[in-house]
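Below is one structure, written out as structure tokens; comments come after it.
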Amino acid sequence: MEHNQQPTQFQEMDSGEKRLNELGYKQELRREMTLFKTLAISFSTMTLFTGITPLYGSSLQYAGPASLVWGWVVVSFFTCFVGVAMAEICSSFPTTGSLYFWAAHLAGPKWGPFSSWCCAWLETIGLIAGIGTQAYAGSQTLQSIILLSTGTNKDGGYFAPKWLFLCMYVSLTLIWAVLNTFALEVIAFIDIISIWWQVIGGLVIVIMLPLVAMTRKSAAYVFTSFEMGLDSTGVSSKPYAVILSFLVSQYSLYGYDAAAHLTEETKGADKNGPISILSSIGIIAVFGWAYILALTFSIKDFSYLYDPSNETAGAFVPAQILYDAFHGRYHNSAGAIVLLFVIWGSFFFGGLSITTSAARV
């Protein structure tokens with residue numbers, strides 16, 4: 001009788017837990033995450049706007065639009081290979097430790113401990129820095145929203161001083177920390193809102209911005225123009241300038257390993273973890289390129305974007321592009337403020353998800 005019951009119990013065991021048992025690893029956490037919830041957290045960690053928006057201006061300045069636009073394609077292409085490799089390993093080792101657990105096993109008994117130690121610390125530092133960058137860029141976006149809501153830099157609008165900027169920064173990190181004290185299901189629910197917020201908001205921005213803009217750059221300018229910003233960047237080497245223009249892509253296309261950190265809490269993690277990793281890369285690669293193209297086609301005056309005396313105080317290039325487009329057509333900044341709020345929401349959700357990943361690491 002016991003012999004007949006054993007296969008039934010074995011079949012009922014979650015496939016991810018079964019794989020952990022094969023590794024001699026005891027299941028510690030409750031499996032409450034579905035594929036969509038895991039994808040939502042992974043997608044929110046990568047985020048559609050939060051990598052592109054803060055670095056768009058500086059990357060554009062290094063080598064012009066062509067390097068920025070094609071840099072995204074190049075980085076997306078190679079990121080897919082990293083994602084495929086990571087998905088394969090995730091399927092074999094669906095553990096919460098993820099990357100540093102994998103490093104320990106794959107490097108072998110001699111180098112495993114050292115590899116795992118290096119991997120864990122690099123990832124920890126990276127995620128802590130990731131929380132900081134999300135809070136900084138989120139505060140930067142909020143600073144532009146306040147400025148355009150109270151006027152403009154030219155019309156006596158309120159540009160948040162450094163002390164207020166720091167308060168906004170600290171407040172965001174504290175809110176994310178408090179929210180992460182709740183059950184993972186609460187975070188997953190917020191991240192489901194996040195994925196729809198970014199997909200719908202992203203479509204609105206990508207479609208509306210080029211349609212609203214009164215002046216648009218030509219395809220030749222967007223895809224072939226190479227402009228060195230030697231006076232402002234101090235970089236005279238063309239190859240180095242191109243590499244620096246890739247920073248926006250390199251920074252944006254990360255965080256897909258968030259799904260791997262949640263595998264011990266995900267149902268069918270040996271399959272759903274890899275699917276989440278690859279799906280989030282694919283969605284961000286397509287949407288991100290569309291967002292970059294929408295911003296670049298809508299540039300009114302390249303040099304004016306960085307002018308400290310412009311409407312956004314030269315502090316935030318995407319905000320100036322949005323302002324030029326909506327003010328040019330409707331003679332007010334309401335549309336730009338709404339779209340900046342959509343972008344700010346993306347920073348809020350992204351910071352929350354990165355904090356979740358950091359907690360798991």
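The values are calculated or read from the model by the stated rules, or taken from the named source; none is laboratory data. Please read these numbers as outputs of a predicted model, since none were measured by experiment. Positions of Cβ are generated from backbone atoms using ideal geometry, with glycine treated the same way; all protein chains shown enter the neighbour counts. Please note that ligands, DNA and RNA were not included when accessible areas were found on the heavy atoms of the full protein model with its side chains. Shrake-Rupley method; radii C 1.70, N 1.55, O 1.52, S 1.80 Å.
A few remarks follow.
- Over the range 36-359, Cα pairs under 8 Å with separation of 6+ residues give a relative contact order of 42 percent.
- For GLU123, the solvent-accessible surface computed with a 1.4 Å probe is close to 20 Å², ligands and nucleic acids excluded.
- Each peptide in 60-66, 340-346, 328-334 was scored by the mean count of other Cβ atoms within 10 Å over its residues; highest first, the order is 60-66, 340-346, 328-334.
- Across all directions, the shadow cast by the convex hull of the range 36-359 built on its C-alpha atoms averages 16.7 square nanometres.
- Surface share of carbon and sulfur [accessible, 1.4 angstrom probe, percent] for the range 291-332: 54 percent
- 1.4 Å probe accessible area per residue over the range 36-359, in Å²: 41 Å²
- Geometric descriptor of the range 82-155, per residue, is 125 Å³ (volume of the convex hull of the Cα atoms).
- From phi via Karplus (6.51, -1.76, 1.60), per-residue ³J(HN,Hα) for the range 233-247 in Hz, x at Gly/Pro: 9, x, 9, 9, 7, 5, x, 5, 4, 5, 4, 5, 5, 6, 4
- Table column - 3J(HN,Hα) (Hz), the range 285-291, Karplus curve with 6.51, -1.76, 1.60, x for Gly and Pro: 4, 6, 5, x, 5, 5, 5
- Given LYS162/LYS300; LYS154/LYS217; LYS238/LYS271; LYS154/LYS238, the pairs whose alpha carbons are separated by over 32 Å: LYS238/LYS271; LYS154/LYS238
- Near the amide H of THR312, within less than 5 Å, lie the amide hydrogens of ASN153, all on another chain or at least 5 residues away, with H placed in the peptide plane.
- Accessible area of VAL170 in the full protein assembly, 1.4 Å probe (Å², nearest 10): 60 Å²
- Near-label residues of the range 119-148 by backbone N, under 18 Å of a point 7 Å along Cα→Cβ of ASP307: 148
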